[in-house]
Amino acid sequence: MASDQLDQQLQKAEQFITTKDFFAARAILLPLAQANPDNAKIWRLLAKAQTNPETQRDMLKRALQLDPSDSEASLLLAMLDMPQSTIPMQPATQSSAGTYGQVSPGIMSSSPGGQIVTQTPRSQNRVLYILLGVGGTLVCLCLACVGIIGLGVNSVVGNPTFQAAFSTGFSVLNLPSQLPAKTIPQSALTAGQSVTGTAATLQYLAYTYEGTADQQITVTVTKTSGSKNTPNVLFGIYDTEGRLIKAITFTDAIQNNNQQALSVSLKADGTYTILVTGLSSSTNFTLTLDTP
């Protein structure tokens, strides 16, 4: 991508970040980060488009590794690392009763024992009863709607059109169809071998395997850290010419977050690549390659 085109895309992403449309910003920035992994500004903007503090921290560190002079990334990282207790408290707001120190409006009277008591005016009681009545009515309506909504959710999620739209929206998170130029070389695998690794945000770990034509292989990746409900790890198998044969997509990972397996039949003799990447903060995993 030409420099001026890249700048236009980054400006568009910054506009989405300004309007808090983080999903649209990520849709622009994630493919740019895949194509330009050494661009510090992309990683800084991608951090600003995240809502998870750990993911933001990882991306800001990546930006500072690429450009230690990035003052904005340094400031954002310092703000993330700031202890909660050092954040200034918001000033107390004035109560609805009036200025600070005033008591709630009421009628001051004396009890038989000589103590001063405050009586709430009847007009306030009437307002309170009205509010309670309205609140109770809303609760009843909400309870009645729960059953209808519950029945509707299953029909919406199960709708093929919804599933297609959902998959298309997250397609930018999937592995590229061609083996990326910049990967992090890992160990060469042998049949029956298991290795451990750590998948970080948009870093491509490349394992190799010397395969033979018509050989069947199964690659299994098991997540050993991170949230069980978060799809943190994606992986795929690339042929001897760097073309993607088969991959675990984002939607696949959502359905089974902890363990995924891919089985393929190799078409030719040569070096095949198993590419593993992360979607959020660093996640530990175990990768196993088996042959029948």
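The values are calculated or read from the model by the stated rules, or taken from the named source; none is laboratory data. For clarity, every value in this text was computed on a predicted model and none was experimentally measured. Positions of Cβ are backbone-derived with ideal geometry, glycine not excepted, and every protein chain shown enters the neighbour counts.
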*Of all residues in segment 23-66, which are surrounded by 16 or more Cβ atoms within 10 Å (Cβ to Cβ), more than 18 Å from the chain's Cα centre (by Cα), at pLDDT 90 or above and not hydrophobic (A, V, I, L, M, F, W, C)?*
Asn39, Lys41
*If the Cβ limit is 8 Å and pairs must be 6+ apart or interchain, which residue in segment 70-91 that is assigned to a helix (DSSP H, G or I) and exposed (fewer than 11 other Cβ atoms within 10 Å of the Cβ) pairs with which residue that is among the basic types (Lys, Arg) and modelled with pLDDT of 85 or more?*
Asp81/Arg57
*Taking only segment 236-274 into account, find how many residues are buried (at least 16 other Cβ atoms within 10 Å of the Cβ), modelled with pLDDT under 90 and in a strand (DSSP E or B).*
1
_Looking only at segment 33-59, count every residue that is aliphatic (A, V, I, L, M) and either in contact with a strand residue (DSSP E or B) (Cβ under 9 Å, 6 or more places away or on another chain) or within 15 Å of Leu279 (Cα to Cα) (or both) and tell me the total._
5
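In segment 24-65, what residues are touching a residue at least 40 places away in the same chain (Cβ under 8 Å), aliphatic (A, V, I, L, M) and under 12 Å from Leu76 (Cβ atoms)? Explain how you work it out, then say what you get.
So the first thing to find is which residues in segment 24-65 are touching a residue at least 40 places away in the same chain (Cβ under 8 Å), and the list is 26-27, 30-31, 33-34, 37-38, 52, 54-55, 57-59, 62.
Now restrict to residues that are aliphatic (A, V, I, L, M): 27, 30, 33, 59.
Once the filter is applied, which keeps residues that are touching a residue at least 40 places away in the same chain (Cβ under 8 Å), aliphatic (A, V, I, L, M) and under 12 Å from Leu76 (Cβ atoms), segment 24-65 yields only Met59.
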*Boolean, Thr277 is at pLDDT 85 or above and over 26 Å from Ile42 (Cα atoms)*: no
